[in-house]
């Protein structure tokens with residue numbers, strides 16, 4: 001375990017530690033003074049046993065990027081005790097997640113924020129870098145100003161548009177934050193593009209305007225089911241005063257098909273600049289998380305979510321790319337074909353497990369629908385299409 005750096009100690013003979021400002025599972029963050037520039041910096045120091053390769057990759061990617069909307073790289077290396085460190089621009093203010101918990105942004109502020117993040121992403125995307133974790137806690141408002149938002153944490157960023165991402169999924173863990181994750185990212189698709197960041201930015205944009213992300217649920221499996229199978233709620237159902245062109249852009253950013261979204265941060269920026277300037281752009285911020293109109297009894301739906309682990313027998317030592325061959329795809333299509341008549345729809349997740357949903361219109365017991373989903377899967381197992389699995393149902 002890393003021994004806490006004492007105030008006044010030097011890192012790399014250059015950064016004088018002032019105080020510890022935070023600590024997490026990966027490492028600790030200190031405020032320090034850069035003796036070269038006499039400017040404050042944030043020093044992130046990695047704990048023993050943490051992923052050094054990922055940390056080193058973050059430092060190298062960040063060193064390439066220069067934009068006011070991206071946290072500034074200063075230096076990286078090792079402390080005298082041999083721990084990897086990354087020195088970055090010191091920022092004062094709050095992150096967007098904190099701001100949204102206390103009332104959120106008005107439309108003008110939201111547009112300023114999304115425009116600056118889109119501009120920052122365009123710089124990264126031009127260099128082939130996908131952030132992969134755009135969310136409110138990674139967007140820092142300098143001095144609390146949405147117009148001075150800064151993109152943080154390139155820890156799971158990767159280089160190479162359209163290149164396999166298996167190296168980041170060797171443990172089978174989902175990379176990203178479920179509520180802001182693009183459908184192709186949730187599936188563990190072997191190729192990701194900048195459009196994955198566009199989807200995540202769309203989720204943030206929606207939350208700025210509506211008070212909650214477009215895809216929310218009490219269980220992570222249910223969140224992923226909504227992202228994979230359901231369209232985002234229409235913004236104008238909760239904010240009818242907002243201009244229609246804005247909603248059209250948001251729906252494109254949140255399209256399930258990455259090819260039908262704006263291609264990258266630059267395309268989002270161009271679309272934002274084409275939006276008309278209307279009086280409603282000065283409208284008030286929401287005060288609390290907005291709840292959509294109640295659904296009439298005739299429109300109510302029950303949804304059962306079935307999470308099936310290990311169905312494709314992807315071990316923790318296998319990469320998704322190694323498992324993503326014709327035989328595995330054929331098995332998945334066979335499962336889908338057998339289950340389609342029952343109304344159970346399947347998608348594969350990044351760790352090889354399957355996520356299924358079954359809908360029922362109108363009234364009925366949630367337990368009845370869950371039972372139907374379980375029976376459908378059990379019947380499928382008896383056909384020997386799947387050898388071993390563990391199923392969890394979220395009704």
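Could you list, in sequence order, the residues of region 69-97 that are under 24 Å from the mean Cα position of the chain (by Cα) and without any contact (Cβ under 8 Å) to a residue 24 or more places away in the chain?
Result: 72, 73.
List the residue pairs whose Cβ atoms are under 6 Å apart, where the first residue sits in region 146-165 and is on the phi > 0 side of the Ramachandran plot, the second is buried (at least 17 other Cβ atoms within 10 Å of the Cβ) and at pLDDT 90 or above, and the two are 6 or more positions apart or on different chains.
Here the result reads 153/138; 162/193, each pair linking region 146-165 to a residue that is buried (at least 17 other Cβ atoms within 10 Å of the Cβ) and at pLDDT 90 or above.
Please go through region 38-59 and give me each residue that is surrounded by fewer than 19 Cβ atoms within 10 Å (Cβ to Cβ) and modelled with pLDDT of 95 or more, ordered by number.
Correct list: 38, 39, 40.
Taking region 232-266 as the region of interest, how many residues are free of Cβ contacts under 8 Å to residues at least 12 places away in the same chain and more than 26 Å from residue 109 (Cα to Cα)?
Of the residues in region 232-266, 2 are free of Cβ contacts under 8 Å to residues at least 12 places away in the same chain and more than 26 Å from residue 109 (Cα to Cα).
How about region 256-273: which of its residues are touching a helix residue (DSSP H, G or I) at 6+ places or on another chain (Cβ under 8 Å) and over 21 Å from residue 69 (Cα atoms)?
Once the filter is applied, which keeps residues that are touching a helix residue (DSSP H, G or I) at 6+ places or on another chain (Cβ under 8 Å) and over 21 Å from residue 69 (Cα atoms), region 256-273 yields 256, 258, 259, 260, 261.
The values are calculated or read from the model by the stated rules, or taken from the named source; none is laboratory data. As the structure is a prediction and not an experimental result, all values here were calculated from the model. Ideal geometry is used to build each Cβ from the backbone, glycine not excepted, and the neighbour counts take in all protein chains shown.
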